[in-house]
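This report refers to the structure that appears directly beneath it.
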Amino acid sequence: MTSRLAARTAVFPLVVLLAIFAGACHKKQPPVARPLPPPPPAPTVESKPPAPPTPVPEAPAQPSERVAEDSIGSKSLDELNRNSPLKPLFYALDSSDVDSAGQATLQANADVLKKYMSWQITIEGHCDERGTAEYNLALGERRAVAARTYLLSLGIAADRIKTVSYGKEFPFDPGHDESAWSKNRRAHFVVTGK
């Protein structure tokens, strides 16, 4: 019996080791994900449709002004520029300063541009024939920029106004005296888009 007991005590640790080894080799199954129940439906709130808007009374039409606006606004660019509602701005000799008469001209031009908000313009800077080509191009540029700056200060959008200088290349009056030269020292306004 002792040998049986000795065999059992020797076998017992072996069985325990086998049980531990078998347990370690056993693969675990991943847990199965169960679908979640759908969320409860949101409570419905009955709402009334919005009330219809209140009609706004229309202002009486003024046909005489609309006809005038449409007659100018419906012209082609060539027709507009041939008899332009935008007046030129004249400058003193060797100057790009906007004097009081020039300010009045620019105010009138700004009023026209505010009426026709879609118009795009180019301001051309011009000079008389005296002086070098380089000097007159620079002076023409200063004149065009001065007119543009003044229009911007009156509320005209910057993206509606471009500038260019022609110096002495395109005189308004081909004469060679002060009368002709005073007409050639100008900022000329051209409607380039509408």
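Throughout, read-outs are computed from the coordinates displayed, never taken from laboratory work. Owing to the predicted nature of the structure, the values given are computational and were not obtained by experimental measurement. FYI the Cβ positions are ideal-geometry reconstructions off the backbone, even for glycines, and counts take in every protein chain you see.
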D for region 74-131, whole µm²/s, Stokes-Einstein with Kirkwood Rh over alpha-carbon pairs at 20 °C and 1.002 mPa s: what number?
163 µm²/s
Amide H neighbours of T192 under 5 Å, at least 5 residues apart or on other chains, H built in the peptide plane: list them.
Q120, I121, T122
Could you tell me whether region 122-178 comes out rounded, prolate or oblate from its Cα gyration tensor? Rule is a ≥ b ≥ c as square roots of the eigenvalues, rounded for a/c under 1.5, then prolate if a/b exceeds b/c, otherwise oblate.
prolate
Site E129, offset 7 angstrom along Cα→Cβ, radius 17 Å on amide nitrogen, limited to region 146-181, gives 167-181
Lysine pairs meeting the criterion (Cα under 18 Å, 8 or more apart or interchain), as found in region 75-193:
9
Find how much the distance from L93 to D78 grows on full extension, using 0.36 nm per residue of separation minus their present alpha carbon separation; answer in nm with one decimal.
2.4 nm
With θ set to phi - 60°, apply the Karplus curve 6.51 cos²θ - 1.76 cosθ + 1.60 along region 86-98 and write out the HN-Hα couplings as whole Hz, x wherever there is a Gly or Pro.
8, 8, x, 10, 9, 10, 6, 4, 6, 10, 10, 7, 8
